[in-house]
Amino acid sequence: MDCLVFKKGNSEIFRYPISNQTIGIGRGTHNHVILSDDEISRSHLTLSYQDEAILVSNHSSKGSQKNSVIFDKTSFQKGDVLQVGSWLILLDDVKSNQEVTRGASEEKTQIINYEPSKGTLNVTTLDVTVCTAEGKPKNFSFRHFPIKIGTGPHNSLILNDPYISQNHCVIDSRSGQFWIVDAGSKNGTWVHGKNIKEGLLCSSDEIVLGRTNIQIRWAQAAEKIKPHKDLIFEGMIGSSKVMREIFSLIEQVAPSDVPIFISGETGTGKELTARAIYQRSHRVGKPFMSINCGAISPNLIESELFGHEKGAFTGAVNSRRGVFEAAHEGTLFLDEIGELPLELQPKLLRVLEDGKIRRVGANHETAVDVRIITATHRNLFHEVKKERFREDLFYRLYVIPIILPSLKDRQEDLPYLVEAILATHAPSGRKISLTAEALEKLKNHQWPGNIRELKNVLLRSIYTSQDAEITPRRLCFFPTLDSFVEEAKEDETRPHTLEAGERHIILSTLNQCGGNKKKTADTLGIAKSTLFKKLKEYDIL
């Protein structure tokens with residue numbers, strides 16, 4: 001039996017056994033041989049047999065070469081070298097004592113659990129010992145699941161055994177337990193002498209595939225989160241221990257596809273944190289989509305998430321994809337997930353479990369591959385207890401929690417944040433600094449609006465004066481909600497006009513709703529856009 005040898009430079013990456021079948025090579029998942037490389041086209045080459053000769057056809061606009069000569073179609077035999085991008089492909093005999101080789105890429109889902117109270121990240125590792133008929137035992141450790149096993153190069157564990165199928169079996173995790181699933185192999189997957197289609201695995205079990213024995217065992221290691229060495233991390237700034245621990249946590253969990261749940265007060269930087277996770281993930285370069293679940297009408301949010309077909313409802317004049325489809329192969333950030341209507345939550349849960357969406361008005365489902373990051377300023381534990389948020393959806397999203405501290409709890413970061421904001425937003429040609437007295441005034445403020453409030457305070461100071469220094473007198477803070485209420489009380493002693501009465505009602509309701517504008521609009525029975533218009537009109541914003 002012949003095999004294709006795939007090399008980069010002088011290093012052999014993997015081998016692919018071939019017989020008299022047509023073989024597709026490319027970046028797309030439909031190929032027999034998948035090369036996850038941007039230099040490679042989705043469908044790059046096809047190898048086929050004709051009268052016992054191997055013919056190669058190029059399908060890529062990026063071109064292919066045989067023995068350094070560009071071709072469209074050519075024959076291929078031992079001694080020839082095909083080149084696609086930086087990959088070299090040769091033809092060789094299958095060696096019975098060929099060592100087991102790891103795959104060129106791994107799935108990017110880790111079984112991890114973060115305990116904020118202990119500051120530890122618990123990571124599950126699966127150790128595998130492979131014994132072939134002729135070769136020596138070889139050990140591997142896996143942290144990424146599912147583990148795909150077979151002779152194909154796209155597998156996590158590639159076995160050179162002619163009695164093993166290209167896609168033989170898969171080891172996956174379900175609710176903290178390991179399961180093995182046969183992937184339609186020809187010779188079966190054997191555990192404890194039984195040919196199984198699907199079964200639960202125990203540590204120290206032995207799996208038999210063809211002439212290969214695989215012994216498995218697993219363990220969970222608790223890794224202490226250590227403060228990151230950098231003070232600036234993907235646009236986030238922090239010298240405090242709590243922020244640098246968050247930087248380290250992001251660095252460790254970002255490469256996986258595990259859901260991440262970000263919580264924190266308004267203005268603490270939840271979207272910036274989500275983008276930092278995306279920048280450190282293997283999905284960087286793919287789409288990053290963000291949607292605020294509290295800023296969209298409940299009647300439209302299903303369409304925004306999942307898309308709709310033409311004619312699905314009044315006004316749907318064209319088909320439109322939602323953010324799940326737009327974020328395919330990338331990352332989707334669902335901000336203010338606590339505002340998602342209760343009746344829509346089961347649909348989101350089903351998408352997270354099945355990886356398929358159905359557009360509004362569609363009769364078919366569409367598969368999507370999306371990494372989910374969610375955020376909220378609400379206490380979702382409380383929302384679950386009040387039955388305003390589904391418990392099963394909560395635990396599907398709350399896998400790795402990242403809790404952002406308020407600005408008043410990270411005072412040591414204030415000088416660095418001030419310096420960064422001034423440097424970024426100062427008008428061209430102007431260098432602006434803060435006096436020591438002004439910095440002290442900032443430290444004594446409570447910052448209910450957190451970093452967003454700090455930024456706006458400094459921007460007002462920058463653009464309302466031409467001075468090079470910001471003094472305490474130039475610092476103008478936001479009025480607090482309490483001051484609004486006091487002002488509303490004063491209105492009671494003033495002449496009653498329609499405008500004054502309306503302003504008083506809005507302020508009182510805003511106070512009763514804890515500053516939540518969506519809840520305020522619902523209580524007043526007006527649209528959220530109308531509320532914002534009134535807030536601006538009465539100079540409340």
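The values are calculated or read from the model by the stated rules, or taken from the named source; none is laboratory data. Worth saying up front: this structure is predicted, and the values here are computed from it rather than measured. Note that we place each Cβ from the backbone using ideal geometry, even for glycine, and neighbour counts take in every protein chain shown. Accessible surface is based on the protein model in full, side chains and every heavy atom, while ligands, DNA and RNA are left aside. Shrake-Rupley method; radii C 1.70, N 1.55, O 1.52, S 1.80 Å.
A few comments on the model shown:
- Calculated FRET value between Asn122 and Lys241, using beta carbons and R₀ = 22 Å, to 0.05: 0.55
- Relative contact order %, the chain, counting alpha carbon pairs below 8 Å whose residues are six or more apart: 9 percent
- Of all lysines in the structure, the ones whose alpha carbon falls short of 19 Å from that of Lys66, not counting any fewer than 8 places away in one chain, are Lys7, Lys8, Lys78.
- Taking Cα atoms only, the orientation of helix 498-512 departs from the longest principal axis of the chain by about 50 degrees.
- Counting only residues at least eight positions apart within a chain, or on another chain, the aspartates and glutamates with an alpha carbon under 13 Å from that of Lys118 are Glu223, Glu245.
- Once backbone amide H atoms are built at 1.01 Å from N, His44 has Ile25, Gly26, Arg27 as its partners under 5 Å, excluding neighbours fewer than 5 places away on the same chain.
- Given a 1.4 Å probe and the protein chains as shown, Arg280 ends up with an accessible area of around 80 Å².
- Alpha-carbon centroids, the stretch 274-311 and the stretch 345-402: separation in whole Å: 12 Å
- Cα gyration tensor category, rounded, prolate or oblate, for the chain with a/c compared to 1.5: prolate
- Segment Gln50-Leu344, extension gain: residue separation times 0.36 nm, minus the distance between their alpha carbons: 100.3 nm
- Prolate/oblate/rounded label for the stretch 194-326 (Cα gyration tensor, a/c 1.5): oblate
- Structure-based [θ]222 nm, the chain - -39500 (n - 2.57) summed over DSSP H runs of at least 4, per residue, nearest 500: -7000 deg cm²/dmol
- Here's how it looks for Phe389: its modeled amide H is under 5 Å from those of Val384, which are all 5 or more places away or on a different chain.
- Backbone phi angles across the stretch 359-376, fed through the Karplus curve with coefficients 6.51, -1.76 and 1.60 (θ = phi - 60°), yield HN-Hα couplings of 4, 4, x, 8, 9, 10, 9, 10, 6, 10, 10, 9, 8, 9, 10, 10, 8, 6 Hz in residue order; Gly and Pro are listed as x.
- Tilt relative to the chain, helix 241-253 - C-alpha long axis, 0 to 90 degrees, to 10: 30 degrees
- Sites Ser433 and Asp230 - FRET efficiency at Förster radius 30 Å, r taken between beta-carbons, to 0.05: 0.80
- Using the Cβ-Cβ distance between Ser75 and Asp205 with R0 set to 45 Å, the FRET efficiency works out to roughly 0.45.
- In this structure, the amide hydrogen of Ile470, modeled 1.01 Å from its nitrogen in the peptide plane, lies closer than 5 angstrom to those of Ser433, Leu434, Thr435, counting only residues at least 5 positions away or on a different chain.
- Between the helical axis of 345-354 and the longest alpha-carbon principal axis of the chain there is an angle of about 20 degrees.
- Cα-based shape type of the stretch 17-88, given that a ≥ b ≥ c are square roots of the gyration tensor eigenvalues and the cut on a/c is 1.5: oblate
- Residue pairs exceeding 28 angstrom between C-alpha atoms, taken from Lys148/Lys229; Lys385/Lys517; Lys270/Lys347; Lys224/Lys270: Lys148/Lys229.
- Length added when fully stretched, Lys286-Ile526, from 0.36 nm per residue minus Cα-Cα: 82.5 nm
- Of all DSSP beta bridges in the chain, antiparallel share, percent nearest 5: 75 percent
- Solvent exposure of Asp392, expressed as accessible area, is near 70 Å², computed with a probe of 1.4 Å over the protein chains only.
- In order along the stretch 258-267, the phi-based Karplus estimate (6.51 cos²θ - 1.76 cosθ + 1.60, θ = phi - 60°) of 3J(HN,Hα) comes to 5, x, 10, 10, 9, 10, x, 5, 4, x Hz; Gly and Pro are listed as x.
- Once the chain from Asp392 to Glu440 is taken as fully extended at 0.36 nm per residue, the excess over their C-alpha distance is 12.6 nm.
- Rolling a 1.4 Å probe across all protein chains gives Val384 an accessible area of roughly 30 Å².
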